[in-house]
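Taking it in order: structure first as structure tokens, then the write-up.
All of the numbers you see were taken from the coordinates with simple rules; none came from a lab. What you see is a predicted model, and the numbers here were worked out from it, not measured in a lab. Reconstructed Cβ throughout: ideal geometry from the backbone, glycine too, with neighbour counts over all protein chains shown.
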Amino acid sequence: DETRPGAVETRTDNIVDWVTQVRGLPKDPQVTSGDFNGDGREDIAAFYDNGTAVDGKRRSSLFAFYSTGTGFAEPKRVWASTGSFNGAAVKLTSGDYNGDGKGDVAVLYNSGQAADGKYVSTVFTFTSNGTGFAAPKQTWTSSGSFDW
């Protein structure tokens, strides 16, 4: 323990594990709600930008918080990927896009600019199977859309 007046204690142990844990924490999530398991109650989906892996690829994940009627069950990671979305370019929404009675999740993605300078937007859909989500499928793209 530091005993000098006005001095601040300094850690001298190896903090690599702690730094690794902190760097691995998800960034601000994008959230939406819908009845993702078809039980008649609204659930919550949260899309996390998990940052960049050591190999330089983007990491992201989708969690579902299923309603119990009086609260929510523990969050369940229903999709994860390396080499996927940049969270800053994601806008999340939900709806029953395939008409099966279960809410699906859609990502409106700012895909940047094409070689001709036009802006590109893309929609990816995560289709619910009642206990999780299928990998995202590109369902729409537009060249010459808007910069957002």
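Scanning residues 5 or more positions from residue 129 or on other chains, those with amide H under 5 Å from its amide H are 134, with H placed 1.01 Å from N in the peptide plane.
Could you tell me the calculated FRET efficiency between residue 146 and residue 33, based on Cβ-Cβ distance and R0 = 30 angstrom, to the nearest 0.05?
Working: r = 26 Å, r/R0 = 0.86.
After rounding to 0.05, the efficiency reads 0.70.
Amide H contacts under 5 Å for residue 143: none, restricted to partners 5 or more places along the chain or on a different chain, H placed in the peptide plane at 1.01 Å from N. Stokes-Einstein diffusion for the stretch 27-143 at 10 °C, viscosity 1.306 mPa s, with a Kirkwood radius from C-alpha pairs, works out to 108 µm²/s. With θ taken as phi - 60° and the Karplus curve 6.51 cos²θ - 1.76 cosθ + 1.60 applied, the whole-hertz 3J(HN,Hα) list for the stretch 88-105 is 5, 9, 9, 10, 9, 8, 8, x, 8, 6, 10, x, 8, x, 10, x, 10, 10 Hz, x standing for glycine and proline.
Within the shell defined by Cβ-Cβ distances under 12 Å, the residues around residue 133 carry a net charge of +2, with Lys and Arg each +1 and Asp and Glu each -1. Positive contributions from Lys and Arg (+1) and negative ones from Asp and Glu (-1), summed over other residues with Cβ under 14 Å from the Cβ of residue 123, come out at +1. Computed from backbone phi with θ = phi - 60° and the Karplus coefficients 6.51, -1.76 and 1.60, the 3J(HN,Hα) list for the stretch 29-36 is x, 9, 10, 8, 10, x, 8, 6 Hz; x is used for glycine and proline.
Electrostatic bookkeeping for residue 81 treats Lys and Arg as +1 and Asp and Glu as -1; over the other residues with beta carbon under 10 Å from its beta carbon, the sum is +3.
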